Amino acid sequence: MNNLSHRKYIVGAIFSIICLIFIIRLFNVQVVNNKYKLDSDNNVLRVITEYPARGLVYDRNGELLVFNEAAYDLMLIPGQLKEMDTTLFCNLFDITKEDFLAKYNKAKSYSRYKPSVFEKELSAATYGNVQDQMYKFPGFFVQTRTLRKYPKNNAAHVLGYIGEVNNSIIEKNSYYKSGDYIGKSGLELAYEELLRGKRGVRKILVDVHNREKGSYNNGLEDTLSVAGQTIYSSLDVDLQAYGELLMQNKTGSVVAIEPKTGEILCLVSSPGYDPNLLVGRSIKTNYPILTKDSLKPLFNRATMAQYPPGSIFKTIQALIAMQEGVITEQTGFPCIKSLVGCHNHPTALNVAASIKMSCNPYYHQVFKRLIQQNKVKSIFKDSEIGLAKWATNVKKFGFGGTLETDIPGVKNGLVPGVDFYNRWYGEGRWAFSTIFSLSIGQGELGVIPIQMANLAAIIANKGYYYPPHILKKIEGVDTIPNLFTTKQYVGIDSVYFNPIIQGMLAVVDEPGGTARRAKINGISVCGKTGTAQNPHGEDHSVFIAFAPMENPKIAIAVYVENSGFGGTWAAPIASLMMEQYLTDSISDKLKEKRILEANLLNVIPKK
Amino acid sequence: MRNRTNVFTNLDWVTILTYLVLVIIGWLSIYAAVYNEEHSKIFDLSQRYGNQLLWIGLSLLLALIILMIEGSFFTSFAYPIYGLIILMLIGVLLFGTEIKGAKSWFRIGSFAIQPAEFGKFATALALAKFLSVLGINMKDLKTKVTAIAIVILPIILILLQNDTGSMLVYFSFVLVLYREGLSGNVLLAGIYTAFLFITSLLMRIQTFTFFNKEIGGELLLIYILVALGAAAMYVTKKMKRLWIIIIAVLICSVGIVFSVDYVFNNVLEPHQSKRINVMLGVESDPQGAGYNVNQSLIAIGSGGFSGKGFLNGTQTKFNFVPEQSTDFIFCTIGEEWGFLGTFVLVSLYLFLFLRLIFLAERQRSTFSRIYGYCVASILFFHFLINIGMTIGLAPVIGIPLPFISYGGSSLWAFTILLFIFIRLDAERIYVLR
């Protein structure tokens, strides 16, 4: 043969070395490296979320408050885009060419093969216009979603709104994923877990053109979506609407509670807003506008505004004093104006009369007996003991702490205790004379309108309340949370409520009462006026009431900011509300007209 | 008659069996690659696996015919066959049909034939014929030039068809020439040039900082080359005659480094430069030029150790991998059979290549030996580029994987190529030289 035959080994070696390199590379790609397996899943696996319809909300009478309306998201798969009439497209969807390009590039940078939202929430009208033209735009398609709709336009603060989840929620709660909607306030937030239902997941395989190619793992990992539950709210939407109407051009709040259940009948915060403003993509434009409004329409005054209770607090002072035994129903005190200012009225000879006439010096003296019970020698120590006991008793009424309710974000208010004054003045440096303005509901006391409505319910019930709530019934569920069906006693014997109720009846019914304007023909209304001192301007007009006196059906608290004395504005509003609720009609049209026409937004502040 | 029966008893069944196994693996992979539930019939001419079955049948017939032709026919008609194919390559330039940018197809009805595929065995025959002339010496310049001319002619014609992939295959004949006496330095020079080319491609996009001075990667490479040259001259200072070679190599090297830019931007098509850049990792473009390789790696990589199982490949079934029944058929095997499958396939090929070398070396006829080496080299080059491409070790060049990729022309051409050698081998004892 020839001397070149050894070269067969070199050729063979070259073949072998290349094969060895291939095998090493294949071992690395297929066995060692995991990246490609993940990429493979990304390629073919699409997780399709099936969003359940969010639960509906009805009012106590079955009126629809919240439902879902179909909205249409225009989606784009950039990889499927073909040549098309961009001008026609821009005209149809009312966007500019620059917008189109910007959105296209954004979608493309996200993925060429996965759909991204091109235009959010087309209205049904827009979609109707373009529906039959969509075939001209390959790569675009429309995905249906739902939006919340509020047919009544009322009770925005109670119902709340939904919005996209933020990152901190996603981190805390594994249920939520970016882009999900969640209740942000009100009932939508409180009953989020009932309303949202259960999301379904479908895992499908797709080909390179993103066409569905069947389910993954025979659908064993798929879950069905479960629609959200229907909720009946305790609200009476007619009453709510009437309350909002009466409160137009006024700032303040109206809270009405059914005393024998604790169900909130209406919760008005004025000025309010149309809940439909905070829906879908309009939220982006409307939210900042509402935030900047100087009257703070987003602020729920009924659950978050803190005021001094004013004279209404005298009812609690009298109740605690009687329970503590420092006075009796028949105790009278002279109206000594040197103690604390008062208006001219006959001497209050008993508790009922003191309520009717709202005598300030009377309660100065009652409170002194509560605070200084002469248990120890030092008046400072004595005051501490008295105040501690008093504060405990007051808090039992749901003041100065978390009032159990299902409305999110209710403020605590403030009932100043020993610690508070020790911090304020220093230990042993304060006594009754320092804190006497508490006696008439002024000073450091702070209460929230819903707490005041609850107080009206407590008096109506003669000593207990059910935590106020906006949930009446969950469809298909027989019970509501235990909390709302458990009586909360305030620690006052029911017998002590009689003189208070008598006094409150007299406030409305008898000559010399402070709220004659609250009278309703044929119904015995019990009420109490208050004037919450306002360091920033004119006092707030406050009134709480319940009716009818026997077997009360409604308890109410009305706050009208910067409108002065409680009998002038708050009392007639409360009476109109109660009459509307109890009789479904208004007998005194003049009273109604006066309220409707009143504009108290620009009252010149008292200086 | 006696002669013919002897030929059949002398057939190398090991090679034929390997061929059949590869063809069957190929058909199964094509079936898996285009499989969908709606078309599960095997004989379905509307589907690629149906067509391929037809091609396989015809190939076996072709193989049988070739085995019945006397080996002397191929030695006698080597040049006429070569001439015929050259004419066809010219003809396709004039009357051919353009498919995917390459004007390299004759269209007959719905089928298309690619003459370049058949050019390989024809060139192999011609080269074998020329180099087997008694007393020929590879050291002669005339021999070299003629041998190279035989190979270059189809290269030029195929290049004119704009079919780069098929053209590159003809460079595999260098291995044959090497075996027949071409200086090993040519192989080394080739490898060295390729190495220098890749290195300067990688270096030229970077800058290095030395002593607060920025220096371009390309310039740095030249400094290094010069330094290496100087070192080599120092070492060989007692053999000054080597200096000329060292200086020549140095000048060529510097020339190569400087010409890289020009070759890259002017000689290569933009998509080719891009594919090379993607392969080298200089450029990352998973949606564009790098899409094929990225998806191919995903498919192969997702197969894992033991694969997803036959017909269970998601990447290939759902068309994420392009050209998955032709150039990227290896992906289907990688995804569905995993590392076990790819290991077995690569081993099977290596076995075939080594078997062919073994067969070639046992020939007493120089013609048969050279032809055998041509077969091994051509198959190996396809294997090298095709699999190298799917696993990201070679730039994307569209050439088929022998016996496995879908396509009538390529399967027939490989079958003819291989079975001529099997026939030649079968009658080796009757041929003296």
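The values are calculated or read from the model by the stated rules, or taken from the named source; none is laboratory data. Model, not experiment: these values are computed from the prediction. Backbone-built Cβ (ideal geometry, glycine too); neighbour counts: all protein chains shown.
Which is closer than 14 Å to B:Ser410 by Cβ, among the basic types (Lys, Arg) and in contact (Cβ under 8 Å) with a residue 40 or more places away in the chain, of B:Lys129, B:Lys120? Going through B:Lys129, B:Lys120 in turn, the sole match is B:Lys120. Taking the conditions (1) surrounded by fewer than 24 Cβ atoms within 10 Å (Cβ to Cβ); (2) not in a loop (DSSP other than H, G, I, E, B) in turn, A:Ile586 satisfies each one other than (2). The strands (runs of 3 or more DSSP E) located wholly in the stretch B:74-171 include none with 1 or more residues which are over 22 Å from the mean Cα position of the chain (by Cα) and not assigned by TED's automatic domain parsing to the domain that holds B:Phe383. Selection of the stretch B:234-278 for residues being touching a Lys or Arg at 6+ places or on another chain (Cβ under 8 Å) and acidic (Asp, Glu) yields only B:Asp261. Among the numbered criteria (1) touching a residue at least 60 places away in the same chain (Cβ under 8 Å); (2) under 30 Å from B:Ile245 (Cα atoms), which one does B:Ser183 miss? Result: B:Ser183 fails condition (1) only. Being part of a loop (DSSP other than H, G, I, E, B) and either within 14 Å of chain A (Cβ to nearest Cβ) or among the acidic types (Asp, Glu) (or both) holds for only one residue in B:Arg364, B:Arg355, and it is B:Arg364.
Taking first residues from the stretch A:369-392 that are without any contact (Cβ under 8 Å) to a residue 12 or more places away in the chain and partners that are part of a helix (DSSP H, G or I), the Cβ contacts under 7 Å between residues at least 6 apart in sequence or on separate chains come to A:Asn374/A:Asp382; A:Lys375/A:Asp382; A:Lys375/A:Ile385; A:Val376/A:Asp382; A:Val376/A:Ile385.
Scanning the stretch B:370-381 for residues that are in contact with an Asp or Glu (Cβ under 8 Å, 6 or more places away or on another chain) and β-branched (Val, Ile, Thr) turns up just one, B:Ile370. Among the residues making up the stretch B:134-150, those that are modelled with pLDDT of 85 or more and under 21 Å from B:Ser76 (Cβ atoms) are B:Thr146, B:Ala147, B:Ile150. Residue pairs whose Cβ atoms lie under 6 Å apart, separated by 6 or more positions or on different chains, with the first residue in the stretch A:331-352 and of a type in the set (A, V, I, L, M, F, W, C) and the second surrounded by fewer than 14 Cβ atoms within 10 Å (Cβ to Cβ), do not occur. Suppose the filter is of a type outside the set (Lys, Arg) and modelled with pLDDT under 85; does B:Gly91 pass it? When the stated conditions are applied, B:Gly91 does not pass them. Checked against (1) of a type in the set (D, E, K, R); (2) over 25 Å from B:Val267 (Cβ atoms); (3) part of a helix (DSSP H, G or I), B:Glu214 passes all but condition (3). Before we move on, is A:Asp59 crowded, with 18+ Cβ neighbours inside 10 Å, charged (D, E, K, R) and at the interface with another protein chain (Cβ under 7 Å from one of its Cβ atoms)? Answer is no for this residue.
Residue by residue, here is whether (1) assigned by TED's automatic domain parsing to the domain that holds B:Pro395; (2) part of a helix (DSSP H, G or I); (3) under 30 Å from A:Ile10 (Cα atoms) holds:
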position: B:Tyr178; (1), (2), (3): yes, yes, yes
position: B:Ile222; (1), (2), (3): no, yes, no
position: B:Val249; (1), (2), (3): no, yes, yes
position: B:Cys252; (1), (2), (3): no, yes, yes
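Select, from B:Leu348, B:Leu411, B:Leu424, B:Leu356, the only residue that is surrounded by 20 or more Cβ atoms within 10 Å (Cβ to Cβ) and at pLDDT 95 or above. Of the residues listed, the single one that is surrounded by 20 or more Cβ atoms within 10 Å (Cβ to Cβ) and at pLDDT 95 or above is B:Leu356. Applying the criterion of being exposed (fewer than 13 other Cβ atoms within 10 Å of the Cβ) and of a type in the set (Ser, Thr, Tyr) to the residues of the stretch A:1-48, the residue that is nearest to the other protein chains (Cβ to nearest Cβ) is A:Ser5. Residues in the stretch A:71-91 that are modelled with pLDDT of 80 or more and under 25 Å from A:Asn276 (Cα atoms): 4 in all. Selection within the stretch B:180-189: residues that are part of a helix (DSSP H, G or I) and more than 15 Å from B:Phe381 (Cα to Cα). The member of this set that is nearest to the other protein chains (Cβ to nearest Cβ) is B:Gly184. Checked against the criterion of being touching a Ser or Thr at 6+ places or on another chain (Cβ under 7 Å) and of a type in the set (Ser, Thr, Tyr), the candidates A:Tyr161, A:Tyr150 yield just one match: A:Tyr161. Might you check whether a residue that is of a type in the set (S, T, N, Q) and assigned to a helix (DSSP H, G or I) occurs anywhere in the stretch A:395-412? For the stretch A:395-412, residues of a type in the set (S, T, N, Q) and assigned to a helix (DSSP H, G or I): absent. If you check B:Ile300, B:Ile198, B:Ile276, B:Ile205 for being under 30 Å from A:Lys35 (Cα atoms), touching a residue at least 60 places away in the same chain (Cβ under 8 Å) and assigned to a loop (DSSP other than H, G, I, E, B), only one passes: B:Ile205. Among all positions in the stretch A:187-197, there is at least one residue which is in contact with a Gly (Cβ under 8 Å, 6 or more places away or on another chain) and of a type in the set (Lys, Arg). In the stretch B:295-337, which residue that is hydrophobic (A, V, I, L, M, F, W, C) and within 20 Å of the chain's Cα centre (by Cα) is farthest from the other protein chains (Cβ to nearest Cβ)? My answer is B:Ile329.
Among the residues of the stretch B:382-402, the ones that are in contact with an Asp or Glu (Cβ under 9 Å, 6 or more places away or on another chain) and either assigned to a helix (DSSP H, G or I) or within 11 Å of chain A (Cβ to nearest Cβ) (or both) come to 3 in all.
For A:Tyr559, the test of being among the hydroxyl-bearing types (Ser, Thr, Tyr) and touching a residue at least 60 places away in the same chain (Cβ under 8 Å) is passed.
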